[in-house]
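Input: a single structure, listed below in structure tokens.
Read the figures in this text as sums done on the coordinates, not as results from a lab. Everything numeric in this text was worked out from a predicted model, so none of it was measured. Cβ placement follows ideal geometry from the backbone for every residue including glycine, while neighbour counts extend to all protein chains displayed.
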Number of protein chains: 4
Amino acid sequence: MTSRSKVRKPSQERSRVTVEAILEGASQVLRSEGLAACGTTKIAKRAGVSVGTLYQYFPNKESIFEELIDRLLDQRAAARSAVVEATEDTEDLGAAVRSLMDQLLAVHMADPELQHELHKYEATRGFTRLEKYEQQMQGVVAAALEKHAARLRPLNTPLAARVLVHAMTGVVERMSRENPRMLGEPAVRREIAALLAGYVSPTNPVALLDVE
Amino acid sequence: MTSRSKVRKPSQERSRVTVEAILEGASQVLRSEGLAACGTTKIAKRAGVSVGTLYQYFPNKESIFEELIDRLLDQRAAARSAVVEATEDTEDLGAAVRSLMDQLLAVHMADPELQHELHKYEATRGFTRLEKYEQQMQGVVAAALEKHAARLRPLNTPLAARVLVHAMTGVVERMSRENPRMLGEPAVRREIAALLAGYVSPTNPVALLDVE
Amino acid sequence: MTSRSKVRKPSQERSRVTVEAILEGASQVLRSEGLAACGTTKIAKRAGVSVGTLYQYFPNKESIFEELIDRLLDQRAAARSAVVEATEDTEDLGAAVRSLMDQLLAVHMADPELQHELHKYEATRGFTRLEKYEQQMQGVVAAALEKHAARLRPLNTPLAARVLVHAMTGVVERMSRENPRMLGEPAVRREIAALLAGYVSPTNPVALLDVE
Amino acid sequence: MTSRSKVRKPSQERSRVTVEAILEGASQVLRSEGLAACGTTKIAKRAGVSVGTLYQYFPNKESIFEELIDRLLDQRAAARSAVVEATEDTEDLGAAVRSLMDQLLAVHMADPELQHELHKYEATRGFTRLEKYEQQMQGVVAAALEKHAARLRPLNTPLAARVLVHAMTGVVERMSRENPRMLGEPAVRREIAALLAGYVSPTNPVALLDVE
DNA sequence: CATGAATGAGTTTTCATTCAT
DNA sequence: TATGAATGAAAACTCATTCAT
């Protein structure tokens, strides 16, 4: 679970609705006009509140984006947990790979425009948040690799996990950028599976290539 | 070769020197203070010219970054050409993979701070330029895949090329962000090779995983 | 007694308590955070009421400070009355001077931080209220000067009263600003007495200085 | 001489003119509309420049007021120096007193409206600058008291200097507030002289009053 | 009466760009 | 052509005050 502490507490029900309205307003502006054009005035207008109200709940503009990212990361964390569960309960390597892939695809297929704009914001901040998230993801993958080690080629687990997560998210992110619909195609899903599986497979031919 | 049409009169010698000074100034500010703090006045000062002069050679601030990106992409295009050459002359798949990888690593190891800041700028623009570049890269890879098709598993070439390029650049870019030195480690090089080779290898186990 | 007309319905008991709470809240915020940081919301919070309630009893923020000043001036008025009494009943000039001085010192030694912040507020308003107060003080002093005229040097009474009051309050106010504790020192008390007494004394040497 | 370092250096002649225009604009707004209504936009407009220009020369609004105060204090410092000179060269106590008084009166008679508004600003800042200035003034007075000690009543010099400066500035400041013209009247000048002279005179009757 | 969320005019400040010298 | 002072639109943020509940 991520922080969310920056949002003020006016615990009343009305408050929650307003906060939601602001975040939804920001999301809409991000989607329709992009990060660069997403100012506090515009956000407030779309949210149907005044700037003053906006600042009653968020200390500054950035904190709105941060909250949006928090929520995005919460979704991803949930996906991660689903992967962990799916992996823990079975010896089926294929199931693990499918779970990992499917969760990732699902997460990226939801509201891709918004995600792209938030990604731009993250770029601004040096990707600090997303980087941390991906590190946790690496932890999950590393655990899975350890568990199934017997059926995989010999691996430097942390490095392999890093490569896997980076490759997978690299592919998914770029495809989402080019055309989010692609992520729904079975062929794409299959190829990503091939990428992951081929990398860890005992039949991987690196040994034959004289790299180094 | 990329555009560069925005820059006025590269004919006079004095002019060329000034343009270079401005670009170098911008690069320095980007490296030392980051994109967010990189204003025209600061650039001009570091370049040792006045803002007025800066606007004599560049129509606006963005065009400076665009030119810097042009040059970055020129370097990458050169790397791409090197890969094409290396691949065309040989039947050695390993050599092709190594060439691809090495060029990519080399490109990302040069001036990583500057590249990160330019990447932030590109994020702002929706990665239009980088995306176009990666598409060209996909063309090169697709050609190589066609050429060596006989020794690879059956592939949907365009899709496979896309996955390969995205995976590779995804890994390299993220590692460069985490720690650029990583890119110089032989182990990393080997694992990237494994990622690429495993994906296209006829021994890839996707068929066994019942993905769809 | 000063106005206080701005405060609504001091009739109900509950009301009076609330008004007191608000004034006490304001005083606390003034003391601890200063005039600049003393907003209505903060005042209300410290008073344990809502902003709405605050505005039920005070028409605007200024009126709170005005009331606080009213009370300060009431204290000073009381001090003034004490001086008047002390002066009326006796022919002792020394007693009059001592009374004047002691009341003034006592008033300024009480809650100096609050007084300083209220003084800043008064500065904002052009010192209107304090000026009026000092004028009344001048009246008292003028009366005393008339009464004891026989034992003093020849004086333009209103002007002399003005000079006396201005000098005395000028000294006390500044000392309070520099260090309120100073006001408690006997040496200081003695010097202020010397200032006042020397000014009106028949032995005053102005005549010898050829000032005009 | 006071700092003035906050003002940027664009050494050209044009610059100086602009800085002067801004300061004059600020002075005018202060005089005609008061500190409270003196915003950057209004200052710039009166100065005949744009806000941007204003911020080219002053880092923020406060720095404009600070510079105005610097200049005011420079005038006062000059007055102080004149007093020092006048006092050093003579054994005439009357001359010293007259010089002190006259300089003070002259300084306060120049542009009193502006001074009052700057005084309000200083109130905001806790009178830090003015306080420091008055301390220096106390030093000057203390020196004079030491020099003429033989002809004065026994004094605790630092305390006496403090009382004298506080009394004098208190009187002058308040009179300037009530009605600046008063400061020009000979009677007033005479009474201030009486205040100062009576305080230090060997004939001062404090000893007779049983204070303490 | 009490509440506190909502308001929005107003303020300061920035910075890409222009243009007179 | 070079200069750098001037521009001013735009953005973020504040806070006294109101009013629906």
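What the table below lists for this structure:
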{"item": "Shortest-first nm distances, A:ALA187 label point to equivalent points in other copies (7 Å, Cα→Cβ)", "result": "3.8, 9.7, 10.6"}
{"item": "Position D:ALA37, label points 7 Å along Cα→Cβ, spacing to each other copy in nm (shortest first, one decimal)", "result": "3.1, 4.0, 4.1"}
{"item": "Interatomic Cα distance distribution for the stretch D:116-177, bins of 5 angstrom, percent", "result": "4, 17, 22, 23, 15, 10, 6, 3, 0"}
{"item": "Cut-off 12 Å between beta-carbons: net charge of the residues surrounding A:MET137, Lys and Arg +1, Asp and Glu -1", "result": "+3"}
{"item": "Closest-to-axis residue of chain C (Cβ criterion, axis taking C to A), whole Å", "result": "C:GLY52, 3"}
{"item": "Average partner coverage of D:157-163, which counts Cβ from other chains inside 10 Å", "result": "4"}
{"item": "Residue-count net charge about B:LEU183 - beta-carbon cut-off 11 Å; Lys, Arg +1, Asp, Glu -1", "result": "0"}
{"item": "Long-range Cα-Cα pairs in the stretch B:66-202 (distance over 28 Å), rounded percent", "result": "15"}
{"item": "Under the Debye formula (equal points on every Cα, no solvent term), log10 I(q)/I(0) of the protein assembly as shown at q = 0.08 Å⁻¹", "result": "-0.86"}
{"item": "Proximal aspartates and glutamates relative to C:LYS61, as straight alpha-carbon distance under 18 Å, when same-chain residues fewer than 8 apart are discounted", "result": "C:GLU20, C:GLU24, C:GLU33, C:ASP70, C:GLU117, C:GLU122"}
{"item": "The stretch A:62-201, dipole about Cα centre (Lys/Arg Cβ +1, Asp/Glu Cβ -1), debye to the nearest 20", "result": "520"}
{"item": "Residue-count net charge about D:ALA207 - beta-carbon cut-off 13 Å; Lys, Arg +1, Asp, Glu -1", "result": "-1"}
{"item": "Label distances, nm, B:GLU62 versus same residue in remaining copies, Cβ-directed 7 Å point", "result": "2.5, 3.8, 4.9"}
{"item": "For q = 0.18, 0.20 Å⁻¹, Debye-computed log10 I/I(0) when each Cα of the stretch A:1-139 counts as one equal scatterer", "result": "-1.02, -1.17"}
{"item": "Cross-link pairs C:LYS120/D:LYS132; D:LYS45/D:LYS132; A:LYS42/A:LYS120; A:LYS45/D:LYS45; A:LYS45/B:LYS42 - those with Cα-Cα distance over 26 Å", "result": "D:LYS45/D:LYS132; A:LYS45/D:LYS45; A:LYS45/B:LYS42"}
